[in-house]
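Participant: Have a look at this one.
The values are calculated or read from the model by the stated rules, or taken from the named source; none is laboratory data. Please read these numbers as outputs of a predicted model, since none were measured by experiment. Every residue, glycine as well, gets a Cβ built from its backbone with ideal geometry; the counts of neighbours run over all protein chains shown. Just so you know, the surface numbers come from the protein's heavy atoms only, side chains and all, with ligands and any DNA or RNA stripped out. Shrake-Rupley method; radii C 1.70, N 1.55, O 1.52, S 1.80 Å.
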Amino acid sequence: MKLIELKNASKYYLDKTFNLTINKHELLLITGTNGSGKTTLIKLILAFIKPDRGQIIYCRNLKFNYLPEKTHLPDFHNAYDYLFQISKLKKVDLNLKLLVDLNIPLYKKIAHLSKGNYQRVAIASTLIGESDLIILDEPLSGLDTKTTNTLKRIIKQLKEEGKSIIISTHNPKAFEKLATYHLKL
Amino acid sequence: MIKYFFSHFFNKKTRIIILIVLLLVSILSVVISSPQTSTHEMALNANSYNLEYHGRMLIIIRYILMFTISLILMDHDAPFIKPLIAYFKRGRVSCCKLIFYFLIISWLIVVIYSIMIVIPFIVTRYYQFDWEYFIEFLKLLPDYYIMSLLLLIFLRENRKGISFLLLIILIIISFIQEDSENLAISYLIPLSSSKIFNYKLGYYFLAIYLFFLIYLYFYVFLNENF
């Protein structure tokens, strides 16, 4: 089932046009060099920017769980309070298994977290909520090998549950086997 | 979602700004309300001391609040909003953001006005609460809402300097409006110092102006590129 269809979508500053269909239950892996248009493509999908040419067709009003490349979390909360607040905001139960899997230091203040732990909290906050499409922009940034493997396992599980996922990364090897399509820009 | 905005907004920087402003207002309130005069003298001329205190404080608070609001709203276009827009869509996020900032500004105004009343009540013998002074203070409120809406419309994360530019422009305009009988500039930005409020229609104009700014805010938010 089609979720989003990009028909000759392009921006004036990019010498590329995107023709792409994103279906349900698929994992789309986007890779490419710097400036190749990965973030532009994600912004087009999220409707953060409008295409200058072409069109983007959404099957309905879609909800996205989005992890931006640069994440910003509130400093003075501890990780658990923040994630609990997010789950309340999105009106879902907090998935404790996810928190355990990602090994998040729950009672540490976000301001005191290391870069890797900060990224883990950001990933957990993104995966909370019932969305139509999960979009992860550079999810491996700052993660060690162990957490990368854990994230791979979580994404595999999400895919098996029927979630649709888009991952943009500079390290395609981590997700290559899971990907339904690999888009090289 | 307003709670979520609150948790992001009340970071260390904002807390320090608000604390400094409250301390400053408290100190100024003590200094201005307690002249070096005997308590009997103050009790005898209570009305003139009240008038002098309110006159001075209103001028000071007016500019302190404008400055504080420009600092607070400087971070309104924070990047944490993007994942919210992706999940909840622009309409709901823009609405909650507007309500949140109106609540914060209203809260700040109430707290600062309370300090302005409570401190002279404690430290002086002459202080009396007067509704007339309160109404004078209420007349300043639209200035803050106009200013915050203009900041929400024009200020962006990569153009934070606009915050101070707008502050300076508004202060200059308020000075011009105080001295000038010409209403042309009041149609552009109807601040409380404007002579437009000598006419009854001025208040209707202000209401329509505020609605127009709110409409413009939604229009910009719903159509801009993130």
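Participant: Pairwise over distinct Cα atoms, reciprocal of the mean inverse distance: report the Kirkwood radius of region A:2-97 in Å, one decimal place.
Facilitator: Averaging 1/r across every pair of different Cα atoms and inverting gives 15.8 Å.
Participant: Straight-line reach from residue A:88: which aspartates and glutamates have Cα under 13 Å away, leaving out those fewer than 8 places along the same chain?
Facilitator: Excluding near neighbours in sequence, the set is A:130.
Participant: At a Förster radius of 25 Å, what calculated FRET efficiency corresponds to the Cβ-Cβ distance of residue B:198 and residue B:95, to the nearest 0.05?
Facilitator: Values: r = 35 Å, r/R0 = 1.41.
Using R0 = 25 Å, I get an efficiency of 0.10.
Participant: Along Cα→Cβ, 7 Å out, is where each label goes; now give me the distance between the ones at residue B:159 and residue B:3 in nm to one decimal.
Facilitator: Once both label points are built, they end up 3.6 nm from each other.
Participant: Moving on. Tell me what chain B gives for mean residue ellipticity at 222 nm when only DSSP H runs of n ≥ 4 count, each as -39,500 (n - 2.57), the sum divided by the residue total, rounded to 500 deg cm²/dmol.
Facilitator: Working: 11 runs with 173 residues, N = 226.
One gets -25500 deg cm²/dmol as the mean residue ellipticity at 222 nm.
Participant: Only bridges whose two residues both fall in the protein assembly as shown count here: according to DSSP, what percent of them are antiparallel, nearest 5?
Facilitator: Details: 11 of 28 bridges.
Beta bridges within the protein assembly as shown, antiparallel portion: roughly 40 percent.
Participant: Hey, another quick one. Please pull out the direction-averaged projected area of region A:121-185, using the convex hull of its alpha-carbon atoms, in nm² to one decimal place.
Facilitator: Averaging across all directions leaves 4.5 nm² for the Cα convex hull.
Participant: Separate question: Check which residues have an amide H placed less than 5 Å from residue A:3's amide H, if you skip close sequence neighbours.
Facilitator: Long-range HN contacts for residue A:3: A:22, A:23, A:24.
Participant: Something else now. Determine the relative contact order of chain A: mean sequence separation of Cα pairs under 8 Å and six or more apart, normalised by residue count, in whole percent.
Facilitator: Working: 312 pairs, mean separation 61.4, N = 185.
Relative contact order of chain A: 33 percent.
Participant: Computed FRET efficiency, Cβ-Cβ of residue B:132 and residue A:109, R0 45 Å: what is it to the nearest 0.05? Kindly include the intermediate steps, with their values, before the conclusion.
Facilitator: Working: r = 48 Å, r/R0 = 1.07.
Calculated transfer efficiency: 0.40.
Participant: Please average, across the residues of A:47-60, the number of beta carbons from any other chain that are within 10 Å of each residue's own beta carbon, and give a whole number.
Facilitator: Rounded to a whole number, the mean comes out at 1.
Participant: Between residue B:214 and residue A:173, with labels modelled 7 Å along Cα→Cβ, what's the label distance in nm to one decimal, could you check?
Facilitator: The answer from the label model is 5.7 nm.
Participant: Measuring from label point to label point, each 7 Å out along Cα→Cβ, what is the residue A:130 to residue A:58 span in nm?
Facilitator: So the two model labels end up 1.8 nm from each other.
Participant: Right, next: Most mobile of B:108, B:51, B:73 per a Gaussian network model of chain B (Cα springs, under 10 Å)?
Facilitator: Residue with maximal mean-square fluctuation among B:108, B:51, B:73: B:51.
Participant: Rounded to whole Hz and in sequence order, give me ³J(HN,Hα) for region A:5-12 from the Karplus expression 6.51 cos²θ - 1.76 cosθ + 1.60, θ = phi - 60°, writing x for Gly and Pro.
Facilitator: 10, 9, 10, 6, 6, 8, 10, 4
Participant: Which value, in nm² and rounded to one decimal, describes the direction-averaged projected area of the C-alpha convex hull of region B:99-197?
Facilitator: Its Cα hull, projected and averaged over all orientations, spans 8.2 nm².
Participant: Right, another one. With N set to the residue count of chain B, report its C-alpha Rg divided by 2.2 N^0.38 Å to two decimal places.
Facilitator: 1.13
Participant: Something else now. At a 1.4 Å probe radius, carbon and sulfur cover how many percent of the accessible area of the protein assembly as shown?
Facilitator: After summing per-atom areas, the C and S share lands at 61 percent.
Participant: Could I ask something else about it? Tally Lys/Arg at +1 and Asp/Glu at -1 over every other residue whose Cβ is under 10 Å from the Cβ of residue A:61; what's the total?
Facilitator: +2
Participant: Next up: Kindly give the semi-axes, whole Å and largest first, of the ellipsoid equivalent to chain A, taking each as the square root of 5 times a Cα gyration tensor eigenvalue.
Facilitator: 28, 17, 16
Participant: If I ignore ligands, DNA and RNA and count only protein heavy atoms, how much of residue B:30 is accessible to a 1.4 Å probe, in Å² to the nearest 10?
Facilitator: 60 Å²
Participant: What are the ³J(HN,Hα) couplings of region B:35-49, residue after residue, when phi is run through the Karplus curve with 6.51, -1.76, 1.60 and θ = phi - 60°? Round to Hz, x for glycine and proline.
Facilitator: In residue order, the calculated couplings are x, 7, 10, 5, 5, 5, 4, 5, 5, 5, 10, 3, 4, 5, 5 Hz.
Participant: Using only alpha carbon pairs under 8 Å that are at least six residues apart, calculate the relative contact order of region B:68-226 and give it in whole percent.
Facilitator: Relative contact order of region B:68-226: 32 percent.
Participant: If you don't mind, there's one more thing I want to ask. Just the number, please: percent antiparallel of the DSSP beta bridges in chain A, rounded to the nearest 5. If you can, show how the numbers build up before the last one.
Facilitator: Numbers: 11 of 28 bridges.
Around 40 percent antiparallel, to the nearest 5.
Participant: Take the cross-link list A:2/A:43; A:7/A:38; A:91/A:163; A:70/B:13; A:43/A:173; A:24/B:97 and give me the ones stretching past 22 Å between alpha-carbons.
Facilitator: Over 22 Å Cα-Cα: A:43/A:173; A:24/B:97.
Participant: Another one. Just to verify a number: what accessible area does residue A:81 come out at with the full protein assembly present, 1.4 Å probe, Å² rounded to tens?
Facilitator: 70 Å²
Participant: While we're here: Report, largest value first, the span of the C-alpha coordinates of region A:104-150 along each principal axis, in whole Å.
Facilitator: Principal-axis extents of the Cα atoms in region A:104-150, largest first: 33, 23, 16 Å.
Participant: Would you be so kind as to identify which of B:53, B:99, B:84 lies farthest towards the positive end of the dipole of chain B, taking Lys and Arg as +1 and Asp and Glu as -1 on Cβ and the Cα centre as origin?
Facilitator: So the residue furthest toward the plus end is B:84.
Participant: What's the whole-number percent of alpha carbon pairs in the protein assembly as shown lying beyond 41 angstrom?
Facilitator: 31 percent
Participant: Which value, in Å² rounded to 10, gives the accessible area of residue A:112 with a 1.4 Å probe and all protein chains present?
Facilitator: 120 Å²
Participant: May I pose another question? Where in region A:38-65 does the amide nitrogen come within less than 18 Å of the point 7 Å from the Cα of residue A:8, taken along Cα to Cβ?
Facilitator: Backbone N within reach: A:50-58.
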